[in-house]
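The next block holds one structure in the form of structure tokens; read it before the comments.
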Amino acid sequence: MRRLPWLLLLASAWAQAEQGPPTIREIVFEGNETTRPRTMLREMVISPGDPADPERVERSRQAVQDLGLFKEVSVREEPVDGGVRLVFRVRERWYILPTPRVDAKAGGEYSYGAQLQWNNLWGLDHTLRVVWEREDNKEAGVGLETNHSFAYNAPQVFDSPYSLGISAGQIRRPIELPGGGSYQETLQNVGIGVVRSLSDGPPSQGWSIGGGLGWLGQDTEGVGAPARYGNATAPFATLAYRDLHLNIYSEEGVSFRTSLQGAVNGVASDYGFTTWSGRYARYWRVGETDHQTLHFFSDLGLRVDGPPENDAFYLGGDFLLRGYDKEFVEGDAYWRLAGEFARPLHWRWLRWVVIAEAGNAYPEPQDFSLGRIYGSLGLALRVRLSWFVNVEIEAGVAMPVGDDGGARFFAGRV
């Protein structure tokens with residue numbers, strides 16, 4: 001008789017194990033003053049009526065966090081009739097960020113302007129970015145440029161697997177003629193694209209394919225101005241993969257993107273060209289320290305034909321071979337490899353980073369060679385502002401490897 005209570009307890013535990021996880025009866029959200037529930041629900045791999053499997057619940061919590069819209073995402077279960085209610089609690093970031101754009105280099109290059117970035121428009125994870133800037137690159141014969149750009153991105157339109165992006169930009173710059181005088185050159189671009197998610201899980205992760213149409217224009221005006229090389233109407237296609245998970249102050253995972261764009265001379269275009277580019281990024285967590293990570297990046301691009309005296313790619317500056325001045329080498333083909341080690345410095349939002357980079361650019365794709373490699377080593381501090389969406393700022397010092405030249409200071413947004 002004394003054994004009976006223990007037998008009853010064992011029988012009850014066995015029955016609960018046989019029943020499995022409780023059923024999800026409801027999914028609700030707390031803390032989302034701006035973000036609509038549908039924006040988060042479409043990323044989840046669970047829905048009412050499913051069992052509250054701990055792995056799938058955690059995967060859904062991480063998927064909401066991977067949107068990058070929140071400072072924190074947590075989930076708890078509350079018992080209700082016939083199962084449980086899942087309560088996802090989020091802490092939203094600030095979504096509107098107007099910032100000045102000011103930059104100056106030791107070589108005399110400078111720029112100033114303003115930028116507005118508005119994330120999570122309508123609570124649907126849409127993004128608007130508008131930039132106005134004046135820039136002087138101290139390029140021979142080129143004066144102070146005025147740049148305008150606009151971009152709007154709408155993921156999963158009407159909760160479909162399709163995302164829409166539109167962009168436009170203009171650059172106006174004075175060009176000095178060798179014999180005296182000057183003229184104005186205007187460069188314009190417009191693009192519209194559609195991307196389809198192929199993911200069985202969160203639509204922002206996994207494989208995606210896309211395509212669209214771009215328009216490029218160039219014009220000249222003024223006494224003695226050379227003939228314009230004209231416009232190009234250029235369709236493009238993209239292929240991308242994303243398995244990237246955000247841990248608020250660091251990332252883990254992989255992303256890949258490649259694109260192909262081209263125009264045919266005489267087909268709504270004054271010239272023809274073909275451009276291909278690709279980028280791969282990998283982030284690993286290393287060691288036991290939170291947010292201590294190792295990063296690897298590779299970039300490759302080439303363009304065949306295209307407008308004269310207009311290089312497609314460059315290296316150097318605050319983000320591409322930091323030990324060299326901006327656009328120190330240009331061409332219609334390039335490659336770059338980079339590795340980074342990042343470790344928190346007392347606070348999670350502040351990390352010191354060791355950066356190693358190598359690469360080169362070539363006048364034409366057929367000039368590609370590994371006979372000359374430019375290298376750069378740098379040390380930086382990075383600050384991640386968790387109050388805003390995707391804002392990380394770095395400042396540091398870098399030096400060229402195997403070339404003359406001293407340390408170069410760099411700073412900017414990562």
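Derivation of every value follows stated rules applied to the coordinates shown; laboratory data play no part. This one's a predicted model, so the numbers in the text were calculated from it and none came from an experiment. So basically every Cβ, Gly included, is an ideal-geometry build from the backbone, and we count neighbours across all protein chains shown.
Once every DSSP H run of n ≥ 4 in the chain is given -39500 (n - 2.57) and the sum is divided by its residues, what mean residue ellipticity at 222 nm do you get, rounded to the nearest 500 deg cm²/dmol?
Details: 3 runs with 33 residues, N = 414.
It lands at -2500 deg cm²/dmol.
Sequence-distant or interchain residues sharing an amide H contact under 5 Å with residue 326, placed H: which?
Distant-sequence amide H within range of residue 326: 317.
Going by the alpha-carbon gyration tensor, a ≥ b ≥ c the square roots of its eigenvalues, is the range 192-328 rounded (a/c under 1.5) or, if a/c is not under 1.5, prolate (a/b greater than b/c) versus oblate?
Working: a/c = 3.33, a/b = 1.67, b/c = 1.99.
Cα axes put the range 192-328 in the oblate bin.
Using just the Cα positions, wrap the range 235-414 in a convex hull and report its mean projected area in square nanometres, one decimal place. Don't skip to the end; give the middle numbers.
Details: hull surface 48.4 nm².
With every direction weighted equally, the projected area is 12.1 nm².
State the label only: which of [x] 65, 44, 40; [y] 83, 72, 43; [z] 111, 48, 39 corresponds to Cα extents along the principal axes in Å computed from the shown model?
Matching entry in [x] 65, 44, 40; [y] 83, 72, 43; [z] 111, 48, 39: [z].
Taking neighbour Cβ counts within 10 Å as the exposure measure, how do 326, 71, 138 sort from fewest upward?
In order of increasing Cβ crowding within 10 Å: 138, 71, 326.
Tabulate in residue order the Karplus-calculated ³J(HN,Hα) for the range 362-376, using 6.51 cos²θ - 1.76 cosθ + 1.60 with θ = phi - 60°, rounded to whole Hz; enter x for Gly and Pro.
Calculated HN-Hα couplings, in order: 9, x, 9, x, 6, 7, 4, 7, 9, x, 10, 10, 8, x, 8 Hz.
Around residue 304, under 10 Å between beta carbons, what's the net of Lys plus Arg minus Asp minus Glu among the other residues?
Details: positive: 303; negative: 305, 332, 364.
Once all neighbours under 10 Å are counted, the net charge is -2.
Applying the Karplus parametrisation 6.51 cos²θ - 1.76 cosθ + 1.60 with θ = phi - 60° to the phi angles of the range 230-245, what ³J(HN,Hα) value in whole Hz is obtained for each residue in order, glycine and proline being reported as x?
In residue order, the calculated couplings are x, 10, 9, 9, 10, x, 9, 9, 9, 9, 9, 9, 9, 9, 10, 10 Hz.
For a quick check of your reading of the filter: which chymotrypsin sites (Phe, Trp or Tyr not before Pro) in the range 75-133 sit in a DSSP loop and have no more than 11 other Cβ atoms within 10 Å? Write out the running numbers ahead of the final one.
Values: sites: 88, 94, 95, 110, 112, 118, 122, 132; in loops: 95, 122.
Those satisfying the criteria are 122.
Around residue 279, under 9 Å between beta carbons, what's the net of Lys plus Arg minus Asp minus Glu among the other residues?
With Lys, Arg at +1 and Asp, Glu at -1, the neighbours total 0.
For residue 270, what residues show an amide H to amide H distance below 5 Å, using hydrogens built from the backbone and excluding near sequence neighbours?
Those qualifying (amide H under 5 Å, at least 5 residues apart or on another chain) are 231, 232, 233.
Hey, what do the phi angles of the range 113-122 turn into as Karplus ³J(HN,Hα) couplings, whole Hz, using 6.51/-1.76/1.60 and θ = phi - 60°, x for Gly and Pro?
x, 8, 9, 10, 10, 10, 9, 6, 4, 6
Which one, 206, 224, 262, has the greatest fluctuation when you compute a Gaussian network model over the chain with C-alpha springs under 10 angstrom?
In this elastic network of the chain, the residue with the biggest mean-square fluctuation among 206, 224, 262 is 224.
Suppose a student asked you for the relative contact order of the chain, using Cα pairs under 8 Å spaced at least 6 residues apart; what percent would you report? Walk me through the intermediate numbers first.
On the way: 1065 pairs, mean separation 34.3, N = 414.
Averaging sequence separation for qualifying contacts and normalising by length gives 8 percent for the chain.
Let me check I've understood the local charge: for residue 290, count other residues with C-beta under 12 angstrom from its C-beta, Lys and Arg +1, Asp and Glu -1. What total comes out? Each step should come with its number before you reach the end.
Details: positive: 285, 343, 348, 351; negative: 252, 288.
Once positives and negatives cancel, what remains is +2.
Let me test this: with uniform point scatterers at the alpha carbons of the range 93-228, what is the Debye-based log₁₀ I(q)/I(0) at q = 0.10, 0.15, 0.19, 0.21 1/Å?
Here the Debye-derived log intensity ratios amount to -0.50, -0.89, -1.11, -1.20.
Counting other Cβ atoms within 10 Å, which GluC sites (Glu not before Pro) in the range 232-328 have at most 12 and lie in a DSSP loop?
Details: sites: 251, 252, 288, 309, 327; in loops: 288, 309, 327.
Filter output for the range 232-328: 288, 309.
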